[in-house]
Amino acid sequence: MNYFFRKRAFALIFTLLIMIFSGYNLYINGENVFSVVKNQYENQSVSTSEIEDSMLENIIYKRGLVEVYGLTQKMLLKNEYNDFDYIKDEKGFLNYARFYSEDTKDIFDYALRVKRLQDYVSEYGTRVLFVITPSKYIRGTSRFEIGMPISDPDHEINELMVYLNRLGVKTLNMGEYFPLEDLSYEETFFKTDHHWTVPAAFRATGILVEEIKKKFGDDLDPTGYYTSTDAYREETYYGHMFGALGRDTGIIYAGLDDFTALYPKYAGNYIREYTYGSGNIFRKEGSFEETFLDKSVLADDIDLYEESQYSLYINQVREIENIENLDNVDGKNIFMIRDSYFGPVITFMAPMCKRIDAVYALMHDNDPNLSVSDYLKDRYDEGYRYDYVIIEIYPYNIEDNAFRYFRVD
């Protein structure tokens, strides 16, 4: 009798605590949840999963709960986190996990969209280069505990590159270069983030410039200065980087990364306009550091759960970037369709170009009214003439959202 009474009493107390916690959480974050419900109702697309995501994103004491859970996983010596949301390799680098490949991706159609874009801009003398950045998982380099469901995008990369090459689109697979002989895997990626490091992005800029020279004959850096380390000063901030994967798993479980930044030894003279949040346009003018670098993310008292040091360079990603180099009036004009991997690359490319306009490939997730196709066409209608269109994509972004341009319905 006492045994079952204790069981019922515990179940009742536990249920009441859950209800109190849920009620308090709804009280604190009700405005956010109800705004999601209202937006979905107005768009006639009410989704319980999005409501749940909103509640989880704003749950009270979230950081503490994440850290406690991460501590539990670490004490259990687990190399997978939260039912294989993420997995750790033998060196402690967090990676995506995947049990099976989606069969809904129409990769050939993605390639056709790129081809249609190329056909459109080629009428104006513009050349196209498609760039895939390296995957954090690298065969032969990344090593995992036996049985781990590794998310390997190689087959999707290869399929897309084959289609593009057959359609006559010039391509550059950065995964064939990294890690470099003098830049190890540990120096190429962060443990707690999916991005490459700033030194890796800088080296990728040099590779991109060299490939443009090989494929199209244009030398963007004839003196070799801007792609050499002579142009930059290196500074490392130890234990000061906490990436997106780390924020999901906690500092105790993931640890912290060192962050190495490159600062220019030259000043430069730039105008930068970018669009951020509901179409707001911001403008900066001045030197390289004044225009491109947000040093607030490097402050000692920064909230690592809120800010990423990777955002040092042009805030990582904005929906639209317009950069004009006032010191290079004879340089090339480049239009980029890119994701967050190219934040530092755009910055390092700026001194070698006259103008760079960039659009976030996934910006439709923020504003469904924005269109890469329309934006590019509008720029040509306004009289802009680009020497190059560079399309960049991170391997795990090979999906319909990243190719929402020049589609045929």
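Details
- Checking Leu112, Leu117, Leu129 one by one, the residue that is outside any loop (DSSP other than H, G, I, E, B) and within 27 Å of Asp193 (Cα to Cα) is Leu129 and no other.
- Every residue from the range 296-337 that is open to solvent by 20 Å² or more (accessible area, probe 1.4 Å) and in contact with a Leu (Cβ under 7 Å, 6 or more places away or on another chain): Glu319, Lys332
- The residue pairs whose first member lies in the range 103-124 and is at positive phi, whose second member is open to solvent by less than 60 Å² (accessible area, probe 1.4 Å), and whose beta carbons are closer than 6 Å, counting only pairs six or more residues apart or on different chains, do not exist in this structure.
- Consider the range 125-156 and keep the residues that are among the aliphatic types (A, V, I, L, M) and surrounded by fewer than 20 Cβ atoms within 10 Å (Cβ to Cβ). The one that is farthest from Phe190 (Cα to Cα) is Ile146.
- Residue among Val359, Val372 that alone is without any contact (Cβ under 8 Å) to a residue 40 or more places away in the chain, in contact with a Phe, Trp or Tyr (Cβ under 7 Å, 6 or more places away or on another chain) and within 28 Å of Ser151 (Cβ to Cβ): Val372
- In the range 357-374, the qualifying residues are those that are over 19 Å from Ile346 (Cα atoms) and open to solvent by 40 Å² or more (accessible area, probe 1.4 Å), and the one that is modelled with the lowest pLDDT is Asp365.
- Any hit, the range 271-284, residues being in contact with a strand residue (DSSP E or B) (Cβ under 8 Å, 6 or more places away or on another chain), buried (at least 20 other Cβ atoms within 10 Å of the Cβ) and of a type in the set (A, V, I, L, M, F, W, C): no
- Within the range 394-409, considering residues that are crowded, with 18+ Cβ neighbours inside 10 Å and part of a loop (DSSP other than H, G, I, E, B), the one modelled with the lowest pLDDT: Arg404
- Total residues in the range 217-243, condition among the aliphatic types (A, V, I, L, M) and in contact with an Asp or Glu (Cβ under 6 Å, 6 or more places away or on another chain): 1
Condition check ((1) closer than 29 Å to Val66 by Cα; (2) in a helix (DSSP H, G or I)) across all residues:
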| position | (1), (2) |
| --- | --- |
| Thr227 | no, no |
| Tyr237 | yes, no |
| His240 | yes, no |
| Leu245 | yes, yes |
| Ile252 | yes, yes |
| Phe259 | yes, no |
| Tyr266 | no, no |
| Arg272 | no, no |
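- Checked against (1) over 17 Å from Ile337 (Cβ atoms); (2) among the small types (Gly, Ala, Ser); (3) open to solvent by 50 Å² or more (accessible area, probe 1.4 Å), Ser122 passes all but a single condition, namely (1).
- Just one of the listed residues (Val33, Val37, Val66, Val46) is of a type in the set (A, V, I, L, M, F, W, C), open to solvent by less than 100 Å² (accessible area, probe 1.4 Å), at pLDDT 85 or above and in contact with a helix residue (DSSP H, G or I) (Cβ under 8 Å, 6 or more places away or on another chain), and it is Val66.
- Of all residues making up the range 285-296, the number that are touching a strand residue (DSSP E or B) at 6+ places or on another chain (Cβ under 8 Å), small (Gly, Ala, Ser) and not in a loop (DSSP other than H, G, I, E, B): 1
- Per-region count, the range 252-270, residues surrounded by 18 or more Cβ atoms within 10 Å (Cβ to Cβ), over 20 Å from Ile346 (Cβ atoms) and among the hydrophobic types (A, V, I, L, M, F, W, C): 1
- Residue list for the range 76-100, restricted to those being open to solvent by 60 Å² or more (accessible area, probe 1.4 Å), over 22 Å from the mean Cα position of the chain (by Cα), closer than 16 Å to Val66 by Cα and acidic (Asp, Glu): Asp83
- Selection within the range 174-192 - in contact with a strand residue (DSSP E or B) (Cβ under 7 Å, 6 or more places away or on another chain) and either part of a helix (DSSP H, G or I) or within 14 Å of Pro134 (Cβ to Cβ) (or both): Met174, Gly175, Thr188, Phe189, Phe190
- Among the numbered conditions (1) open to solvent by less than 10 Å² (accessible area, probe 1.4 Å); (2) under 19 Å from Arg338 (Cα atoms); (3) not in a helix (DSSP H, G or I), the only one that Thr171 does not meet is (1).
The values are calculated or read from the model by the stated rules, or taken from the named source; none is laboratory data. Since the structure is predicted, the reported quantities are computational estimates derived from the model, not experimental observations. Backbone-built Cβ (ideal geometry, glycine too); neighbour counts: all protein chains shown. Surface areas here come from the heavy atoms of the whole protein model, side chains and all, with no ligands, DNA or RNA. Shrake-Rupley method; radii C 1.70, N 1.55, O 1.52, S 1.80 Å.
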